[in-house]
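One structure is given below, encoded as structure tokens.
The values are calculated or read from the model by the stated rules, or taken from the named source; none is laboratory data. These numbers were taken from a predicted model, which means no experiment stands behind them. Cβ placement follows ideal geometry from the backbone for every residue including glycine, while neighbour counts extend to all protein chains displayed.
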């Protein structure tokens, strides 16, 4: 029995060593790609320096570095491998697409292989690992239950099949779903395939990815409802990230983009916001996996609800106030006045603190009921302690406060009374 146990331990140690070496090799490939991008920029080609390329160059190493750290600490957790593969795919897609654009005029076999990877495999690996599998497997690297595992396997099979079908499309000149387009012939392209081949499997791939992303969000919500303790805090962090990212992009760009398309999406601000979102993603995963300030999420959610609501209310109030006062000044004096802006600004400044306090109380009462009740109990105890002189009544109230706010299994109270000689005795 002892020899079998030792053999198992040795096998596990060997497997762990190989996993760490593989993770280090993938991280090294990512860093080497960054060096290659820098070399292209400094020597021969600057075509890749658009805003979208910067996103991959900056966020790819962040994901890859996080993935390597998770693999070293928790080799069995597949979240680390997903981050590593996603980050490596991100930076490789940026680097190889830049290389193809630089060398497409004199295409070689290396250029064609790079185009094949960038147009089909790497974008699919990037999107699937970071936006389909991480939400489905977070935080322990496993599905919710066997039914979800079967669903995940089917989605992966559809994405893989569609990607392989796109790899044998005729060329890279037309839109091929997730990947890049190049003015090159596909080295694996089959010219006899019908014209609908690429269009069909492009839609199949996009549809499978979309279904996987939606399923991942549903899975996260179900985990949040079922999880307890640390796992609940971990899932809450990811839910907060997705809600904040979607809300920020929707309010900041998608809705205004209806009126300013495509200028808004071609601006550096859109790429900058995408970079912030992509950098926040590995940050949130790192916090949850390594439990760094894990329980701060409740305070962050609370403050976000308060200040986002406060900003929206004050912004709408300010706008309505300026418009109303300007119309009033025009009717009275016949011309606009800067007094409307000054008066509106003063009104907003006066409303800030009272409105913030009211919103804090309302949100605590609605979304953080336990915290709100604890604050009320502490406030009541402060009033009792100020007026009560009977020791027995005060100790009974103190025990009640501890039970209501901390909710321990039992409470034991030790008191010390001072004596005239400065010494004390316990009761």
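Does at least one position in the range 254-265 carry a residue that is touching a helix residue (DSSP H, G or I) at 6+ places or on another chain (Cβ under 6 Å), surrounded by 12 or more Cβ atoms within 10 Å (Cβ to Cβ) and touching a residue at least 24 places away in the same chain (Cβ under 8 Å)?
no
Yes/no per residue for (1) over 17 Å from residue 121 (Cβ atoms); (2) in a helix (DSSP H, G or I); (3) touching a helix residue (DSSP H, G or I) at 6+ places or on another chain (Cβ under 6 Å):
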site: 158; (1), (2), (3): no, yes, yes
site: 165; (1), (2), (3): no, yes, yes
site: 182; (1), (2), (3): no, no, yes
site: 194; (1), (2), (3): yes, no, no
site: 215; (1), (2), (3): yes, yes, no
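Looking at the structure I just gave you, is residue 38 part of a helix (DSSP H, G or I), more than 28 Å from residue 289 (Cβ to Cβ) and at pLDDT 75 or above?
Taking the combined requirement at face value, the residue satisfies it.
Here is a yes/no grid of residues against (1) in a helix (DSSP H, G or I); (2) surrounded by fewer than 19 Cβ atoms within 10 Å (Cβ to Cβ); (3) modelled with pLDDT under 90:
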{"position": "55", "(1), (2), (3)": "yes, no, yes"}
{"position": "64", "(1), (2), (3)": "yes, no, no"}
{"position": "89", "(1), (2), (3)": "yes, no, no"}
{"position": "93", "(1), (2), (3)": "yes, no, yes"}
{"position": "97", "(1), (2), (3)": "yes, no, yes"}
{"position": "105", "(1), (2), (3)": "yes, yes, yes"}
{"position": "128", "(1), (2), (3)": "yes, no, no"}
{"position": "132", "(1), (2), (3)": "yes, no, no"}
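I need a count of the residues in the range 340-353 that are out of contact with any helix residue (DSSP H, G or I) (no Cβ under 7 Å at 6 or more places or on another chain) and at pLDDT below 80.
Result for the range 340-353: 0.
With respect to residue 326, is the statement that it is modelled with pLDDT of 85 or more and surrounded by 14 or more Cβ atoms within 10 Å (Cβ to Cβ) true?
Spelling it out, it is not the case that residue 326 is modelled with pLDDT of 85 or more and surrounded by 14 or more Cβ atoms within 10 Å (Cβ to Cβ).
What's the number of the only condition in (1) modelled with pLDDT of 70 or more; (2) surrounded by 11 or more Cβ atoms within 10 Å (Cβ to Cβ); (3) within 29 Å of the chain's Cα centre (by Cα) that residue 311 fails to meet?
Every condition holds for residue 311 apart from (2).
Considering only residues that are outside any helix (DSSP H, G or I) and either at pLDDT below 75 or more than 29 Å from residue 77 (Cβ to Cβ) (or both), which ones fall in the range 249-298?
255, 259, 260, 261, 262, 267
Take residue 141 and decide whether it is over 22 Å from the mean Cα position of the chain (by Cα) and either surrounded by 21 or more Cβ atoms within 10 Å (Cβ to Cβ) or closer than 17 Å to residue 81 by Cβ (or both).
Taking the combined requirement at face value, the residue does not satisfy it.
Given the conditions (1) assigned to a helix (DSSP H, G or I); (2) within 30 Å of residue 264 (Cβ to Cβ); (3) over 15 Å from the mean Cα position of the chain (by Cα), which single one is not true for residue 220?
The number of the failed condition is (3).
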